[in-house]
Amino acid sequence: MNPFRVVKYLLVVLAVFVGLGLAGALAVHLYGAHRLATTSRRFEREVGPLSVQALMRPALPVEGNAVTWLRPGVLAVVFFPGDQALVGSLSAKPFADWGAGDAGKLDAILDRSKPALTLLERARGMKESNWDIPYQEGTTAKIPNLLAAMNAAKLLTARGRLALGRGDRETAIAAAETLGVLARSHEAESASIVLLIGLAIEKLQIALVHEILSAPSASAAELDRLGASSCDKDLTSAMRESLRGSAVAVGHDVGGGSWLMEVHNAAYRRVARLFRSAVTAAAIEAHRDAEKDLGRPIRAPLGDTPADDGDATWWKSIVGPIGPNLASMSARATATASARDLSRLSIALRRAAIAGGRYPLTLPAIEGVAAIDPLSGETRVYEVHADGSAELRSTTNAEIVRSIFPVGQIAFESLYRWTLPAPRAGR
């Protein structure tokens with residue numbers, strides 16, 4: 001055969017393959033673009049806008065932003081080696097359960113962190129906040145120092161418990177007010193990890209309020225302050241905003257290619273580049289599907305996350321790292337909402353007992369408090385005892401609470417059973 005004819009034939013075959021490849025790539029691109037557009041429209045219709053602008057928080061004047069004091073306050077906490085573990089332990093249990101010498105150790109830590117406490121208390125009573133998170137940078141956006149915030153929250157909680165043990169109710173209530181501002185500021189942000197820290201701080205705040213309300217002494221003014229310190233962000237709405245923020249971050253990361261680092265298989269990374277729009281659409285679709293489970297009652301302990309069997313499909317390996325993983329976080333939000341409602345109802349019951357000399361026979365209706373317990377999905381149990389005390393509790397059980405809060409669960413189990421002392425005569 002003529003060599004020229006062979007070369008010509010091979011060139012034609014190569015051109016055909018190149019043409020088919022280009023046509024295939026164009027088809028994949030067009031399919032991905034169509035699916036992304038369709039999925040995005042549906043997400044925006046059912047969940048919310050997928051624009052970075054919709055995530056940006058309104059700018060606040062320095063003097064009106066609680067973060068002006070909270071940011072330097074949490075960073076000014078001074079812990080020596082061993083302090084973090086001690087404060088964490090003391091923040092999780094009532095003063096009556098502290099060991100000998102714990103109060104003195106905490107006094108030394110509080111003395112070292114006086115500047116931090118002074119700054120944090122400057123934020124008391126402030127309702128507006130903005131941590132200035134640059135959401136336009138996707139998952140690489142710089143977020144607040146969350147470890148510092150948790151350390152400060154635990155220190156405030158331990159300080160409040162110590163004050164209660166010493167009969168200093170003013171300091172204890174002030175600590176609850178400061179914790180409320182710190183929790184509220186984190187729950188107002190759309191970044192999932194920041195919201196998660198806000199939920200953790202709110203649980204500490206509710207635990208401190210729980211101990212304050214367990215004591216017989218309580219004035220109407222104190223109850224008003226505790227009620228005002230309660231967080232008021234609808235947590236199902238907060239989770240929805242967090243989900244939307246995660247979906248927006250996915251669009252940013254996939255568009256910029258940074259998510260490819262999460263795809264460990266080199267061959268899959270090459271495929272992922274080709275299917276970029278389709279990958280984005282699949283991840284946004286997964287976020288949309290996760291929205292329907294937000295705020296649902298938890299009627300059985302959360303199961304363990306199944307181990308990766310190593311046989312994931314190529315598509316799962318590509319989409320999996322950028323899909324939502326909100327089951328645990330959603331459960332924590334629901335459980336926190338339940339504890340918050342019990343706290344607010346308990347405050348209202350203590351107010352009624354002060355005004356009428358005894359607890360009402362039925363639970364009051366309070367704006368913003370769900371009629372049905374969000375965690376159990378059932379009616380709460382409320383009983384007035386013969387000695388004048390009262391009990392309010394969720395019908396959830398310890399196994400469910402422990403599965404939601406696997407660390408420090410004993411401290412949080414008590415938040416779902418509130419025992420209110422009998423009102424004192426003449427109050």
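Brief remarks on what is shown
- Length-normalised contact order for the stretch 57-233 - Cα pairs under 8 Å, 6+ apart - percent: 26 percent
- Taking 21 Å as the limit for the C-alpha separation, the pairs Lys127/Lys203; Lys114/Lys142; Lys142/Lys203; Lys233/Lys292 exceed it in the case of Lys114/Lys142; Lys142/Lys203.
- Farthest towards the positive end of the charge dipole of the stretch 88-242, among the residues Ala108, Leu156, Ala175, is the Cα of Ala108, using unit charges on the Cβ of Lys, Arg, Asp and Glu.
- Dipole magnitude for the stretch 57-233: computed about the Cα centre from +1 point charges on Lys and Arg Cβ and -1 point charges on Asp and Glu Cβ, it is near 180 debye.
- Cβ crowding within 10 Å, taken as a proxy for footprinting-reagent exposure, orders Ser343, Ser51, Ser414 from fewest neighbours to most as Ser51, Ser414, Ser343.
- Computed over the stretch 36-130, the range of Cα coordinates on each principal axis works out to 64, 31, 24 Å, biggest value leading.
- Take each peptide in 363-376, 286-299, 199-212, count the other Cβ atoms within 10 Å of every residue, and average; sorted highest first, the result is 199-212, 286-299, 363-376.
Throughout, read-outs are computed from the coordinates displayed, never taken from laboratory work. Keep in mind that what you see is a predicted model, and the values were worked out from it rather than measured. Positions of Cβ are generated from backbone atoms using ideal geometry, with glycine treated the same way; all protein chains shown enter the neighbour counts.
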